[in-house]
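Take a look at the structure below.
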Amino acid sequence: AWARTTAADVLELGSAWLEHSNLEDLVVEGAIDALFATIVEYRDIVAHTTLLQATLNAIYACAQASEGQHGIREKVGELRGVQTLVAVARAAVDTAPAVLECALRALVPIVQEYAPNCRTLMAVGLDLLLDIAEASDTNDVPLDANNPETNDSAVRDVAATLMRVLAPVNLIVCQNCATTNRSGIVCVYCGHSLKNEVPPALPSPDDSPSRR
(Lines give C-alpha, C1' and ligand atoms only; values in the text may rest on other atoms or scores of the structure.)
Protein backbone atom coordinates (compact mmCIF):
# COMPACT_ATOMS: atom_id res chain seq x y z
CA ALA A 1 0.00 0.00 0.00
CA TRP A 2 2.88 2.38 0.76
CA ALA A 3 4.37 1.90 -2.71
CA ARG A 4 0.99 2.56 -4.33
CA THR A 5 0.55 5.71 -2.26
CA THR A 6 3.99 6.96 -3.26
CA ALA A 7 3.30 6.23 -6.94
CA ALA A 8 -0.04 8.04 -6.78
CA ASP A 9 1.54 11.04 -5.08
CA VAL A 10 3.85 11.46 -8.08
CA LEU A 11 0.83 12.19 -10.29
CA GLU A 12 0.01 15.68 -9.10
CA LEU A 13 -0.79 18.82 -11.03
CA GLY A 14 2.40 20.42 -12.25
CA SER A 15 4.26 17.13 -12.36
CA ALA A 16 6.30 16.36 -15.46
CA TRP A 17 4.38 13.10 -15.69
CA LEU A 18 1.23 15.08 -16.45
CA GLU A 19 2.63 17.17 -19.28
CA HIS A 20 0.63 16.71 -22.47
CA SER A 21 3.52 14.89 -24.10
CA ASN A 22 3.34 12.19 -21.41
CA LEU A 23 -0.39 11.89 -20.74
CA GLU A 24 -1.19 9.76 -23.76
CA ASP A 25 1.59 7.35 -22.78
CA LEU A 26 0.12 7.13 -19.27
CA VAL A 27 -3.21 6.05 -20.74
CA VAL A 28 -1.66 3.59 -23.19
CA GLU A 29 0.59 2.07 -20.53
CA GLY A 30 -2.36 1.46 -18.20
CA ALA A 31 -1.85 4.09 -15.52
CA ILE A 32 -5.56 4.96 -15.38
CA ASP A 33 -6.45 1.28 -15.19
CA ALA A 34 -3.98 0.85 -12.32
CA LEU A 35 -5.39 3.77 -10.35
CA PHE A 36 -8.93 2.44 -10.52
CA ALA A 37 -7.73 -1.08 -9.75
CA THR A 38 -6.13 0.32 -6.59
CA ILE A 39 -9.44 1.86 -5.52
CA VAL A 40 -11.24 -1.45 -5.98
CA GLU A 41 -8.56 -3.48 -4.21
CA TYR A 42 -8.17 -1.08 -1.27
CA ARG A 43 -11.79 0.05 -0.97
CA ASP A 44 -11.83 -0.28 2.84
CA ILE A 45 -11.90 3.44 3.59
CA VAL A 46 -11.10 3.20 7.28
CA ALA A 47 -8.07 0.98 6.73
CA HIS A 48 -6.72 2.72 3.62
CA THR A 49 -7.74 6.37 3.92
CA THR A 50 -4.36 7.81 2.94
CA LEU A 51 -3.96 5.53 -0.07
CA LEU A 52 -7.46 6.24 -1.31
CA GLN A 53 -6.98 10.00 -0.99
CA ALA A 54 -3.69 9.86 -2.88
CA THR A 55 -5.22 7.69 -5.61
CA LEU A 56 -8.32 9.87 -5.98
CA ASN A 57 -6.13 12.98 -6.13
CA ALA A 58 -4.02 11.33 -8.85
CA ILE A 59 -7.14 10.53 -10.90
CA TYR A 60 -8.29 14.13 -10.54
CA ALA A 61 -4.85 15.46 -11.54
CA CYS A 62 -4.67 13.23 -14.65
CA ALA A 63 -8.16 14.19 -15.83
CA GLN A 64 -7.68 17.88 -15.04
CA ALA A 65 -4.29 18.09 -16.75
CA SER A 66 -5.58 16.33 -19.87
CA GLU A 67 -8.06 19.16 -20.58
CA GLY A 68 -10.40 16.71 -22.28
CA GLN A 69 -7.69 15.22 -24.47
CA HIS A 70 -5.68 11.98 -24.58
CA GLY A 71 -8.70 9.72 -24.11
CA ILE A 72 -8.71 9.87 -20.31
CA ARG A 73 -12.42 10.56 -19.94
CA GLU A 74 -13.17 7.83 -22.45
CA LYS A 75 -10.92 5.39 -20.59
CA VAL A 76 -12.64 6.20 -17.30
CA GLY A 77 -15.97 5.48 -18.95
CA GLU A 78 -14.73 2.13 -20.25
CA LEU A 79 -13.53 1.20 -16.77
CA ARG A 80 -16.88 2.12 -15.21
CA GLY A 81 -14.87 4.68 -13.32
CA VAL A 82 -17.78 7.03 -12.68
CA GLN A 83 -19.62 4.20 -10.92
CA THR A 84 -16.50 3.38 -8.90
CA LEU A 85 -16.02 6.98 -7.75
CA VAL A 86 -19.68 7.30 -6.81
CA ALA A 87 -19.44 4.06 -4.80
CA VAL A 88 -16.41 5.43 -2.92
CA ALA A 89 -18.23 8.69 -2.25
CA ARG A 90 -21.29 6.87 -0.90
CA ALA A 91 -19.14 4.77 1.42
CA ALA A 92 -17.28 7.85 2.66
CA VAL A 93 -20.29 10.03 3.51
CA ASP A 94 -20.53 8.92 7.13
CA THR A 95 -16.92 7.89 7.77
CA ALA A 96 -14.40 9.96 5.82
CA PRO A 97 -15.40 13.41 4.53
CA ALA A 98 -11.87 13.96 3.19
CA VAL A 99 -12.23 10.90 0.96
CA LEU A 100 -15.74 12.02 0.00
CA GLU A 101 -14.42 15.39 -1.14
CA CYS A 102 -11.59 13.77 -3.13
CA ALA A 103 -13.98 11.34 -4.86
CA LEU A 104 -16.39 14.10 -5.84
CA ARG A 105 -13.59 16.39 -6.98
CA ALA A 106 -12.15 13.63 -9.17
CA LEU A 107 -15.50 13.41 -10.95
CA VAL A 108 -15.51 17.05 -12.05
CA PRO A 109 -12.97 16.92 -14.92
CA ILE A 110 -14.15 13.40 -15.80
CA VAL A 111 -17.71 14.49 -16.54
CA GLN A 112 -17.13 18.11 -17.56
CA GLU A 113 -18.00 18.65 -21.23
CA TYR A 114 -18.26 14.89 -21.80
CA ALA A 115 -21.88 13.80 -22.15
CA PRO A 116 -21.49 9.99 -21.78
CA ASN A 117 -19.91 10.32 -18.34
CA CYS A 118 -22.39 13.06 -17.42
CA ARG A 119 -25.28 10.74 -18.17
CA THR A 120 -23.70 7.95 -16.16
CA LEU A 121 -23.31 10.25 -13.17
CA MET A 122 -26.91 11.40 -13.59
CA ALA A 123 -28.05 7.79 -13.48
CA VAL A 124 -25.95 6.53 -10.57
CA GLY A 125 -25.07 9.58 -8.50
CA LEU A 126 -27.58 12.41 -8.75
CA ASP A 127 -29.40 11.25 -5.62
CA LEU A 128 -26.11 11.32 -3.71
CA LEU A 129 -25.37 14.88 -4.82
CA LEU A 130 -28.85 15.99 -3.77
CA ASP A 131 -28.50 14.22 -0.41
CA ILE A 132 -25.19 16.00 0.21
CA ALA A 133 -26.75 19.36 -0.58
CA GLU A 134 -29.67 18.69 1.76
CA ALA A 135 -27.45 17.28 4.51
CA SER A 136 -25.08 20.23 4.26
CA ASP A 137 -27.96 22.61 4.86
CA THR A 138 -28.55 20.91 8.21
CA ASN A 139 -24.84 20.31 8.99
CA ASP A 140 -25.32 16.54 8.75
CA VAL A 141 -22.15 16.01 6.72
CA PRO A 142 -19.59 15.09 9.38
CA LEU A 143 -16.34 16.97 9.78
CA ASP A 144 -13.04 15.12 9.55
CA ALA A 145 -11.16 15.71 12.80
CA ASN A 146 -7.91 14.57 11.18
CA ASN A 147 -8.22 17.06 8.34
CA PRO A 148 -9.68 20.36 9.51
CA GLU A 149 -9.48 21.79 5.99
CA THR A 150 -12.18 19.35 4.92
CA ASN A 151 -15.65 20.40 6.04
CA ASP A 152 -19.24 20.31 5.00
CA SER A 153 -18.86 23.55 3.04
CA ALA A 154 -16.06 22.15 0.87
CA VAL A 155 -18.00 18.95 0.18
CA ARG A 156 -21.15 20.93 -0.61
CA ASP A 157 -19.25 23.21 -3.01
CA VAL A 158 -17.87 20.29 -5.02
CA ALA A 159 -21.30 18.64 -5.14
CA ALA A 160 -22.82 21.92 -6.33
CA THR A 161 -20.17 22.18 -9.05
CA LEU A 162 -21.06 18.70 -10.27
CA MET A 163 -24.76 19.53 -10.37
CA ARG A 164 -24.01 22.63 -12.45
CA VAL A 165 -21.98 20.51 -14.86
CA LEU A 166 -24.85 18.03 -15.15
CA ALA A 167 -27.54 20.63 -15.75
CA PRO A 168 -27.19 20.84 -19.58
CA VAL A 169 -27.68 17.07 -19.99
CA ASN A 170 -30.59 16.74 -17.61
CA LEU A 171 -33.01 16.38 -20.53
CA ILE A 172 -32.28 13.82 -23.25
CA VAL A 173 -34.39 13.37 -26.39
CA CYS A 174 -34.73 9.73 -27.45
CA GLN A 175 -33.90 9.40 -31.14
CA ASN A 176 -36.10 6.32 -31.40
CA CYS A 177 -39.44 7.68 -30.18
CA ALA A 178 -38.66 11.44 -29.92
CA THR A 179 -39.76 11.67 -26.29
CA THR A 180 -37.89 13.66 -23.65
CA ASN A 181 -36.28 11.82 -20.75
CA ARG A 182 -35.09 13.38 -17.51
CA SER A 183 -31.63 11.77 -17.44
CA GLY A 184 -30.98 8.02 -17.36
CA ILE A 185 -29.36 5.69 -19.87
CA VAL A 186 -32.52 4.00 -21.23
CA CYS A 187 -35.65 5.68 -22.56
CA VAL A 188 -38.47 5.18 -20.06
CA TYR A 189 -41.02 5.18 -22.90
CA CYS A 190 -39.60 2.74 -25.44
CA GLY A 191 -36.54 1.19 -23.79
CA HIS A 192 -34.12 2.53 -26.40
CA SER A 193 -30.57 3.11 -25.17
CA LEU A 194 -29.75 6.77 -24.53
CA LYS A 195 -26.03 6.22 -24.12
CA ASN A 196 -25.16 7.41 -27.63
CA GLU A 197 -27.74 10.16 -27.99
CA VAL A 198 -26.43 13.68 -28.48
CA PRO A 199 -27.52 15.98 -25.66
CA PRO A 200 -27.59 19.78 -25.82
CA ALA A 201 -24.09 21.16 -26.32
CA LEU A 202 -22.16 21.52 -23.11
CA PRO A 203 -20.92 25.10 -22.67
CA SER A 204 -17.21 25.60 -22.39
CA PRO A 205 -16.02 27.93 -19.63
CA ASP A 206 -14.59 30.25 -22.27
CA ASP A 207 -16.93 29.22 -25.12
CA SER A 208 -13.85 28.12 -27.03
CA PRO A 209 -14.51 25.33 -29.59
CA SER A 210 -10.98 24.07 -29.04
CA ARG A 211 -11.89 23.07 -25.50
CA ARG A 212 -14.90 20.93 -26.49
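Name the long-range amide H neighbours of Val186: under 5 Å, sequence gap of 5 or more, or other chain; modelled H, no Pro or chain starts.
Those lying under 5 Å, H to H, from Val186 are Leu194.
Hey, can you find the accessible area per residue of the stretch 55-103 for me, probe 1.4 Å, expressed in square angstrom?
Counting only protein heavy atoms, the per-residue value for the stretch 55-103 is 34 Å².
Taking R0 as 45 Å, what's the FRET efficiency between Asp44 and Val173 from their Cβ-Cβ distance, rounded to 0.05?
E(calc), rounded to 0.05, equals 0.60.
For Ala37 and Asp157 in the same chain, what is the full-extension length gain: residue separation times 0.36 nm, less their Cα-Cα distance, in nm?
On the way: separation 120, 0.36 × 120 = 43.20 nm, distance 2.77 nm.
Residue separation times 0.36 nm, minus the Cα-Cα distance, leaves 40.4 nm.
Sort Tyr189, Tyr60 from largest to smallest accessible area, using a 1.4 Å probe on the heavy atoms of the protein chains.
Working: Tyr189 155, Tyr60 45 Å².
Largest to smallest exposure gives the sequence Tyr189, Tyr60.
Got the relative contact order for the stretch 8-101 handy, in percent, Cα pairs under 8 Å and 6 or more residues apart?
Contact order relative to length: 36 percent.
Report the extension gain between Cys190 and Asp94 in nm, rounded to one decimal, defined as 0.36 nm multiplied by the number of residues separating them, less their alpha carbon distance.
Working: separation 96, 0.36 × 96 = 34.56 nm, distance 3.83 nm.
Between Cys190 and Asp94, full extension yields 30.7 nm more.
The values are calculated or read from the model by the stated rules, or taken from the named source; none is laboratory data. Treat the numbers as computed from the prediction; the structure is a model and nothing was measured. Positions of Cβ are generated from backbone atoms using ideal geometry, with glycine treated the same way; all protein chains shown enter the neighbour counts. These area figures cover heavy atoms from the full protein model, side chains too; ligands, DNA and RNA do not enter into them. Shrake-Rupley method; radii C 1.70, N 1.55, O 1.52, S 1.80 Å.
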